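What follows draws every value from the coordinates through simple rules; no lab data is involved. Keep in mind that this is a model prediction, so the values were computed, not measured. As a convention, Cβ positions derive from the backbone with ideal geometry for all residues, glycine included, and neighbour counts pool all protein chains shown.
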Amino acid sequence: MLITGGAGFIGYHLADKLLESNYQIDLLDNFSRGVNDTQLSNLAENEKINLINADLLQSATIDRLDQDYTYIYHFAAVIGVQHVLKSPYDVLTKNFILLKNALEIAKSQKKLERFVFASTSEVYSGTLNQFGLEFPTPESTPLTVASLNKARTSYMLSKIYGETMCLHSGLPVTIVRPHNFYGPRMGLSHVIPELMKKIIDSKNDKVDVFSVDHKRTFCYIADAVNMMQLLAESNQTIGEVYNIGNDDEEVNIKELAERIIALNGKELSINPLPPTLGSPERRIPSIAKFKDVITYKKQYSLDKGLQKTNEW
């Protein structure tokens, strides 16, 4: 098995979960964003894990890899709002090259059973802005490209193009659209860990919270990787696109902050700040299509997942 972006948040947790199986797992990463921390080092000590420090942007990397992978999970991409706003051209070009090279690796495999491509919930953002969305939002929603001169469009466009590449690759592909994953080792530039650090470090009686009225359903990473593995190993999911996330426990960001404050035993009031630029007011996926083919009951409520993340 190969996991690109294997040192990243999703790749690490998927590999950790798959240690339960008999897979030999190659984790490929160039560590431009993935962190070689203690957790990853401990994971790499397992005899089932092979950590490969290589750059998937370089075509020479293709020849370094094996040809007996049965599963390839492609997570390597330029992501994160700050990166997207700063370097939209890099997002467009690098995400294309990363996927192109990953698909070339997949085409060289002798017994490939599945190529899993991680898209994004951002693919719905153009439709939301232009026409509004149905909530929960199904995968059948027509996709509309947002204004091309906006930097943020580059990311969703790279993923829409990526989905199309996968579907026309001739490979056994499954496409997943992640919705608000969270958990340990995520990094601090996402809403839940960012709020947690702010609240834990607070020396005042107030905490600044942006987008207080925006609503989300969050999915703990252990549930997310379980769902992805089940999709990858199902014969019914080839050539299909699936939302991955939760369709229940919807909260606004103010309530989320209040839960984290209570979790840390703090007495803080919330100082509401304006919405984050480009952030949708609501995001809740329909996972009915997933439930039609996979029987799975989530293991982590929001409170349980917040506790585990807060401990980290």
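Here the dipole of the chain is about 460 debye; that uses its Cα centre as origin and unit charges on the Cβ of Lys and Arg (positive) and Asp and Glu (negative). For I238 and F131, the difference between the fully extended length at 0.36 nm per residue and the C-alpha to C-alpha distance is 35.5 nm.
Just to be sure I understand the curve: with the Debye formula and one point per C-alpha of the chain, what is log10 I(q)/I(0) at q = 0.07 Å⁻¹? Debye output, listed in q order: -0.27.
Could you give the size of the charge dipole of the range 5-163 about its Cα centre, using +1 on the Cβ of each K and R and -1 on the Cβ of each D and E, expressed in debye and rounded to the nearest 20?
Here the range 5-163 has a charge dipole of around 500 debye.
Each residue, T93 and M165, gets one label point 7 Å from its Cα in the Cβ direction; the gap between the two is 1.4 nm.
Within the listed set A288, A224, A102, the Gaussian network model of the chain (springs between alpha-carbon atoms below 10 Å) gives the highest mean-square fluctuation for A288. Shown in residue order for the range 72-85 are the 3J(HN,Hα) couplings computed by the Karplus curve 6.51 cos²θ - 1.76 cosθ + 1.60 at θ = phi - 60°: 10, 10, 9, 10, 5, 5, 7, 10, x, 4, 5, 5, 5, 5 Hz (x for Gly and Pro). Just checking the listed ones, T61, T237, T120: in the Gaussian network model of the chain with Cα springs under 10 Å, the one fluctuating most is T61.
Given a cut-off of under 8 Å on Cα pairs at least six residues apart, what relative contact order in percent is computed for the range 19-116?
30 percent
When the Cα positions of L148, I52, I253 are compared along the charge dipole of the chain, L148 comes out farthest toward the positive end, with charges on each C-beta of Lys, Arg, Asp and Glu. Taken one residue at a time, the phi angles of the range 139-155 give Karplus couplings (6.51, -1.76, 1.60, θ = phi - 60°) of 5, 6, 4, x, 8, 10, 7, 6, 4, 6, 7, 8, 4, 5, 4, 4, 5 Hz. Gly and Pro are set to x. Projecting the Cα atoms of Y124, V293, V173 onto the charge dipole of the chain (Cβ charges, centred on the Cα centre) puts Y124 farthest toward the positive pole.
For the range 220-302, the dipole from Cβ point charges (+1 on Lys and Arg, -1 on Asp and Glu) about the Cα centre works out to 80 debye, to the nearest 20.
Available extension along the chain between S147 and Q24 is 40.0 nm, counting 0.36 nm per residue and deducting the alpha carbon span. Amide H contacts of G8 (H built 1.01 Å from N, in plane; Pro and chain starts excluded): no residue 5 or more places away or on another chain comes under 5 Å. For L143, nonlocal amide neighbours, meaning residues 5 or more places apart or on other chains whose placed amide H falls under 5 Å from its own, do not occur. Rounded to whole numbers, the Karplus 3J(HN,Hα) couplings from phi for the range 266-281 are 9, 10, 10, 9, 9, 9, x, 10, x, x, 5, 4, x, 7, x, 5 Hz, using 6.51 cos²θ - 1.76 cosθ + 1.60 with θ = phi - 60°, and x at Gly and Pro. Sequence-distant contacts, meaning Cα pairs under 8 Å at least 6 residues apart, place the relative contact order of the chain at 18 percent.
Could you point to the residue in S32, L2, N42 farthest towards the positive end of the range 1-87's charge dipole, with +1 and -1 charges on the Cβ of Lys/Arg and Asp/Glu respectively? Ranked along the dipole, the leading option is S32. The Cα center of the range 190-211 and the Cα center of the range 44-106 differ in position by 33 Å.
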